[in-house]
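Engineer: Pasting in a structure now, in structure tokens, and then I'll have a few things to ask.
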Amino acid sequence: MADEPTALAVMTDLSIGGMTCAACVKRVEKKLARLDGVTATVNLATGRARVNHPPEVGPDQLIATVEQAGYTAALPEPPMKERREDGDEAKDARRERDRLVVTVLLAVPVLVVSMVPGLQFRNWQWLCFVLAAPVVVWGAWPFHLRAARGLRHSAATMDTLVSLGVVASFAWSSYALFFGGAGEPGMRMPFSLVPRASDGVADVYLEAAVGVPLFVLAGRFLETRARRGTGAALRALARLAAKEVSVRDGDGERLVPIEELRVGQVFVARPGERLATDGTVVEGSSALDLSLVTGESEPVEVGPGTPVTGGAVNAGGLLLVRATAVGADTQLSRITRLVTEAQAGKARAQRLADKAAGVFVPVVLTLAVTVLGFWLGAGAEPQAAITASVAVLVVACPCALGLATPTALMAATGRGAQLGVLVSGPQALEGLRHLDAVVLDKTGTLTSGQMSVARVTAVPGGLGEEELVRLAGAVEQGSEHPLGRAITAYARRTVPGKSLPAVAGFVALPGKGVRGRVADRLVEVLAPDDALPPALAQALSASETAARTPVVVRVDGETEALIEVGDVLRPGSYRAVERLRRLGVRPVLATGDREAPARAVAADLRIEEVHARCTPQDKAALVRELREQGYRVAVVGDGVNDAAALAGADLGIAMGTGTDVAIGAADVTLVRGDIETLADAVRLARSALGTIRVNLLWAFGYNVVTVPLAMVGLLNPMLAAAAMSVSSLLVVGNSLRLRAWQPSPAGHRPSRPAAPAARKPL
């Protein structure tokens, strides 16, 4: 009997609480991976886990497994409860801030008096002991609690190191005060950065006992604020979602929750309001601000029949919009989902760092015990041995390792979303970074994908170009042919403020053109024949070279003009190709179109390698051939025929104006359909991965330098705590620079050379 088909895996997101370092991340991932068929990716910066699991393993079992590892877990709140989540986060932030403030008030006097011998009055050590006790117990309580929880589950994390360091420093100081002679009135203790030989009186290390929690609490408070900053773009996208919408139907206008809106219903968007969801304008005209949705800085004019995107701001008049997508099907939801998924992944370098972090804390604990034993075995005084051991515990910092990639990835993907570039994850960023060949589709990618009037040539001394365009547009109003619609649309744009005259006696001539009477004139728009005036014959020759479709306009039997219609280049196509070439990326044009238009576009863009009449299979084969030649290949496309090549390439890049199939097969989506943003995406990826490398270099290098210094007794525990906190802040601060990353200014982008008159599109 044949085996039953295996059920598809389910993906579930979990919010994880209590993680503080990369060792925590590794522990949660390992614990979940022990379940049959379960794999998980945990992100320290976002506190989220993305879990792939079989259907028989439910979310309750996943949550229980995480809790068994010593952490809290829950399913993320739905978008509508985001405000409550923000309120909970704000409450937690206030609690941590209050803890930090009290710790500062108690710890600073201890630090000052202990470090400045001139301020040490009679019985100063007992006052410091009284002030230090609440800091050690209450101020450091979160570290003790998480360390104890880890101990119950046989786990050691950064909190274990901090808790042990604080307890060891305070315990030794208590011993010195009560039994080691340090409690005598009039005792003075000079401050030293390194352990020193005693004069028969045991030293107290109360400054280390309060300094460690003080600096770690301060560092984590600032770190949390900075990490929250890296996800600002994602939260901004989430807040674009409307909570309520005004629906207009036969019963009038009523306000309903957004989740009750259905496809096909008409809703109202007043000036200054955000559009509740994707739809099509049915009444009214306005300008929409799409800057937070697509990165487009210029307002977009819309009117009846125009598709619009939810989250856009209505900057003009009243609009009535018919909903075409709701809930998770809207473009805003897809953008938010893509950014969230991107931030859940890990780069190859971070996976290596996580493996190192998984054994880092046990190694540090072993080193601390070894240092203690070595110093005591070498005849050193107990206080010097304990000080060196505590310094080793405190200075070791896997936090920076855990934050190196996710903070940079959050900042980069968030900034990319603001600029209209959606990256599916760190693998896509790495692909963009190493890209050296790109296969470009023509129609809809480099060109507009719509028929447009490219040029009008009128017979000298005739009726004039404007009048001829008006007459041709008027007679073409009765045509459904794409050429006719393009001419009519061009006429309406060319003669603004004037309505096109009516046509009488309209006749469509199959295979030839159209004919009708406009203002008592017989107007014909036909395919050209051999009997053309010299000026039009010359224009016709140029039109064939540029692969455009020509038609002639006859008025009362006289040939008056030649109109060329074709698929014109997007405005930024030349700059996009040139910038890619300057970045070391080889452009290749592959299209299903004919040879002539493909060659014309390639000549305009100075692309040397052209493949015309490509089937979807041909495009996929071309990608395989380039990869076999050693190229790391990206494919840029927008249609169903591009999906196979997009999926087979090292990197698939879809135009946001393309089909859902193409977008679904792509690793990167250019939201506003502007090919020029591809070069910006490559530059952003290179900046992001450069930032990740610097972060990891610092995180590893910090421990390589500071741990040996602590082992040989050259680092005071208090300074070790400060250095540990600063290391994490430097990593996060370096990542935050990506939030301010800017694409190439327009003035530095290559300008397109002047095109010959015969090819210049209008």
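Engineer: I'd like to check something: does the stretch 118-133 contain any residue that is exposed (fewer than 14 other Cβ atoms within 10 Å of the Cβ) and modelled with pLDDT under 85?
Structural biologist: Checking the stretch 118-133: at least one residue is exposed (fewer than 14 other Cβ atoms within 10 Å of the Cβ) and modelled with pLDDT under 85.
Engineer: Go through the stretch 21-38 and count every residue that is part of a loop (DSSP other than H, G, I, E, B) and surrounded by 24 or more Cβ atoms within 10 Å (Cβ to Cβ).
Structural biologist: At the first step, the residues of the stretch 21-38 found to be part of a loop (DSSP other than H, G, I, E, B) are 21, 34-38.
Those still in the list that are surrounded by 24 or more Cβ atoms within 10 Å (Cβ to Cβ) too: 21.
Residues that pass the stated criteria total 1.
Engineer: Got at least one residue in the stretch 370-380 being modelled with pLDDT under 85, more than 19 Å from residue 277 (Cβ to Cβ), surrounded by 24 or more Cβ atoms within 10 Å (Cβ to Cβ) and of a type in the set (Gly, Ala, Ser)? Before the answer, list the steps.
Structural biologist: Within the stretch 370-380, the subset modelled with pLDDT under 85 is 379-380.
Now drop any that are not more than 19 Å from residue 277 (Cβ to Cβ), which leaves 379-380.
Restricting the remaining residues to those that are surrounded by 24 or more Cβ atoms within 10 Å (Cβ to Cβ) gives none.
Looking through the stretch 370-380, none of the residues is modelled with pLDDT under 85, more than 19 Å from residue 277 (Cβ to Cβ), surrounded by 24 or more Cβ atoms within 10 Å (Cβ to Cβ) and of a type in the set (Gly, Ala, Ser).
Engineer: Can you say whether residue 603 is outside any helix (DSSP H, G or I), at pLDDT 85 or above and not hydroxyl-bearing (Ser, Thr, Tyr), as far as the supplied structure shows?
Structural biologist: Here the answer is no, as residue 603 does not meet what is asked.
Engineer: Right, next: Anything in the stretch 553-572 that is in contact (Cβ under 8 Å) with a residue 60 or more places away in the chain and within 27 Å of the chain's Cα centre (by Cα)? List them, or say none.
Structural biologist: Scanning the stretch 553-572 gives 570, 572.
Engineer: Would it be correct to say that residue 436 is of a type in the set (D, E, K, R), in contact with a Gly (Cβ under 7 Å, 6 or more places away or on another chain) and modelled with pLDDT of 85 or more?
Structural biologist: Yes: the conditions hold for residue 436.
Engineer: Looking at (1) without any contact (Cβ under 8 Å) to a residue 12 or more places away in the chain; (2) of a type outside the set (Ser, Thr, Tyr); (3) not assigned by TED's automatic domain parsing to the domain that holds residue 459, which is the only condition residue 575 fails?
Structural biologist: (1)
Engineer: Return yes when residue 508 is touching a strand residue (DSSP E or B) at 6+ places or on another chain (Cβ under 8 Å), among the aliphatic types (A, V, I, L, M) and touching a residue at least 60 places away in the same chain (Cβ under 8 Å) and no when it is not.
Structural biologist: In short, no.
Engineer: Another question, then. Which condition number does residue 195 fail, the rest of (1) crowded, with 21+ Cβ neighbours inside 10 Å; (2) modelled with pLDDT of 80 or more being met?
Structural biologist: That leaves (2) as the condition not met.
Engineer: Taking the conditions exactly as written (at pLDDT 90 or above, surrounded by 13 or more Cβ atoms within 10 Å (Cβ to Cβ), in a helix (DSSP H, G or I) and not assigned by TED's automatic domain parsing to the domain that holds residue 22), does residue 113 satisfy them or not?
Structural biologist: Considered against the rule, which asks whether it is at pLDDT 90 or above, surrounded by 13 or more Cβ atoms within 10 Å (Cβ to Cβ), in a helix (DSSP H, G or I) and not assigned by TED's automatic domain parsing to the domain that holds residue 22, residue 113 comes out as no.
Engineer: Which residues, taken from the stretch 149-178, are more than 16 Å from residue 23 (Cβ to Cβ) and free of Cβ contacts under 8 Å to residues at least 12 places away in the same chain?
Structural biologist: Within the stretch 149-178, 171, 178 meet the criteria.
The values are calculated or read from the model by the stated rules, or taken from the named source; none is laboratory data. What you see is a predicted model, and the numbers here were worked out from it, not measured in a lab. In this analysis, Cβ positions are derived from the backbone assuming ideal geometry, glycine residues included, and neighbour counts consider all displayed protein chains.
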